[in-house]
Every structure is written in C-alpha cells, then in structure tokens.
Amino acid sequence: MTSSDQLLLFNRQTSVHQILGGGLFADVILWRQKNVTLAILILTLVSWVLFERSDYTFLSYVSNVLLLLLLILFLWAKSAQILNRPTPPIPHLQLSEENTNEAAALIRDQINMLLSVSHDIALGKDPKKFAKVSAYLVLISIIGSLTDFRTLCYTSKLFYLNLDKKVFTTCTRISIFTRS
C-alpha cells in the first residue's frame with residue numbers, strides 16, 4: 001500500500017508523527033524509540049510504586065520541594081544581606097495584560113458556546129443533540145466505571161496505534177450516523 005492509499009483518521013493530510021512535531025517527542029510517544037520510551041515508562045512506574053508504598057502523594061511531594069526551594073532562596077537572600085553579597089539571581093516573572101486578556105477571551109467564548117448549547121438542550125429546542133449528548137454521557141459513564149483514566153489513556157493510545165484502519169472506518173460510520 002502506498003502512502004497515498006493509506007486511510008488517515010479524521011481526514012488528516014499528515015501522519016500522526018508529523019502532527020506531533022516529528023523529532024524525539026513524536027518518536028517517544030509513538031514508540032519508535034523503544035529504549036527511551038521504555039525508560040520513561042519504567043521511571044514512571046518506579047515513581048508511582050514509591051508514592052503508593054509510602055502513601056505520599058505527588059501534590060504533597062511538589063509542595064514540600066517548593067517549600068524547600070523557597071526556604072533555601074530566603075536564607076540565601078538574608079545571608080547575602082548580612083554578608084554584603086549579591087542576592088540570588090531570580091528573574092522577575094510577570095504575565096502581560098495582553099496575553100491574559102486573550103486567554104480570558106478564548107475561555108469566555110468556549111464557555112459561552114457550551115452554555116448556549118446546554119441552554120438549547122435544556123429547553124428542548126434540539127432533541128437530536130440531546131440524544132447525542134445523552135448517548136455520549138452514558139458511554140463515558142460505562143467506560144469510566146470499567147477503568148480509571150490513566151489506564152484508559154494508555155489502552156486507547158495502544159488501541160489506536162494497532163488498529164488505525166479499523167478505528168478510521170468505525171469513526172467514519174459513527175460520524176455519518178451522527179450527522180443524520
């Protein structure tokens with residue numbers, strides 16, 4: 001099969017590798033560099049086991065590391081004042097008003113669109129959309145009761161990579177069914 005004959009999911013014109021930016025990141029995500037991907041997975045597994053066995057959560061770990069960092073910088077700055085040395089080189093970080101306004105406008109537009117669609121569904125103006133949303137929510141609920149989110153992400157990625165063409169034909173059938 002030539003590259004022009006391959007079925008590409010969601011009418012994409014480029015490969016998943018190109019969509020992910022090519023290079024090392026895409027190779028690791030798509031298991032093209034098996035040693036690096038395996039090392040990342042083993043490191044993740046070891047850290048997860050350590051957190052599980054010690055009953056130590058990731059959030060508390062990050063919080064303690066940041067607290068230690070803050071303490072070190074505070075003591076460095078105070079000792080620098082006492083010893084007449086330069087203070088620690090900490091850059092002044094600040095969000096620009098322009099970037100904040102753009103992000104807020106984007107979030108506001110998305111939320112307004114969601115609220116508008118929800119309003120139409122709640123008032124019964126679009127029964128087809130109500131049926132679709134209900135079906136998807138029931139499907140998500142069933143899948144969510146069978147597995148946790150992390151396992152779902154791993155298995156769906158492996159499922160897609162191994163069954164790309166079958167997933168494409170199924171998604172095409174679903175999209176044709178939902179359009180009508």
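Surface analysis of the stretch 29-172 yields an accessible area of 86 Å² per residue, using protein heavy atoms and a 1.4 Å probe. The C-alpha atoms of the chain define a longest principal axis, and helix 97-122 lies at about 40 degrees to it. Give me the one-decimal nm value for the distance between modelled label points at S141 and T172, 7 Å along each residue's Cα-to-Cβ direction. For the pair S141/T172, the computed spacing is 3.3 nm. Taking every DSSP helix (H) stretch of at least 4 residues in the chain, weighting each as -39,500 (n - 2.57) and dividing the sum by the residue count yields a mean residue ellipticity at 222 nm of -24500 deg cm²/dmol. For the chain, the number of Lys pairs separated by eight or more positions or lying on different chains, with C-alpha atoms closer than 25 Å, is 8. Across the stretch 25-180, the relative contact order, built from alpha-carbon pairs under 8 Å that are at least six residues apart, equals 9 percent.
Extension gain L95-L71, at 0.36 nm per residue separation less the Cα-Cα distance, in nm?
Between L95 and L71, full extension yields 6.2 nm more.
For the chain, with all protein chains in place and a probe radius of 1.4 Å, 68% of the accessible heavy-atom surface sits on carbon or sulfur.
The values are calculated or read from the model by the stated rules, or taken from the named source; none is laboratory data. Computed from a predicted model, the values in this text were never measured in an experiment. Because the Cβ atoms are built from the backbone with ideal geometry, glycine has one as well, and the counts that use them run over all protein chains shown. With ligands, DNA and RNA removed, areas are computed over all heavy atoms of the protein, side chains included. Shrake-Rupley method; radii C 1.70, N 1.55, O 1.52, S 1.80 Å.
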